[in-house]
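The values are calculated or read from the model by the stated rules, or taken from the named source; none is laboratory data. Keep in mind the model is a prediction, meaning the values are calculated, not measured. Every residue, glycine among them, receives a Cβ derived from its backbone with ideal geometry; neighbour counts consider all protein chains shown. Side chains are part of the model used for accessible areas, which takes the heavy atoms of the whole protein and leaves out ligands, DNA and RNA. Shrake-Rupley method; radii C 1.70, N 1.55, O 1.52, S 1.80 Å.
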Amino acid sequence: MQLLQRIKSQIAQRLIDEAVKLQEVDRAGYVLPDGKVEQAFAAFVGERKTSLEELKRNMASSDYPFKYFMRKFEQRVKLQDYLEQVVLADSLDPADRQQRYGNWLTNARTLAKVVYYDKEIESLVQSA
């Protein structure tokens, strides 16, 4: 039972961290450069040696909506671009980049507005 609680807690924390990061990027007013999502998506499809049509078919056969996938994909691209262009800009040293990212994430967590709609999830996160 403790293992299940830990797994639930880790999943909840990851989902919250993802939302906190995206909330911070939006709060900062960051806008992706034109064409950035399309460029990243073309690279994504190319790396998998597939076509857009085949990707859509595979998702449909798994009951995974393509529109949802694209929304999440765009969020990931926006977050990664923000981190590279703003948070980690002009830093090549791995230790410095890690420190900058850690400071940014701590600040983002401090500023974030997290609302729990499920008391069980809230208690899992609070106990982690």
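Odds and ends about this structure:
- Loop trypsin sites (Lys or Arg not before Pro), segment 29-92 (other Cβ atoms within 10 Å of the site Cβ: 14 or fewer; DSSP): Arg48, Lys49
- Pairs from Lys21/Lys49; Lys8/Lys72; Lys56/Lys113; Lys78/Lys119 whose Cα-Cα separation, in the structure shown, is over 26 Å: Lys21/Lys49; Lys56/Lys113; Lys78/Lys119
- Take the Cα radius of gyration of the chain and divide it by 2.2 N^0.38 Å, N being the number of residues; the result is 1.26.
- Rolling a 1.4 angstrom probe over the protein heavy atoms with all chains in place gives the chain an accessible area of 73 Å² per residue.
- Charged-residue dipole, Cβ positions (Lys, Arg, Asp, Glu), the chain about Cα centre, Debye nearest 20: 340 debye
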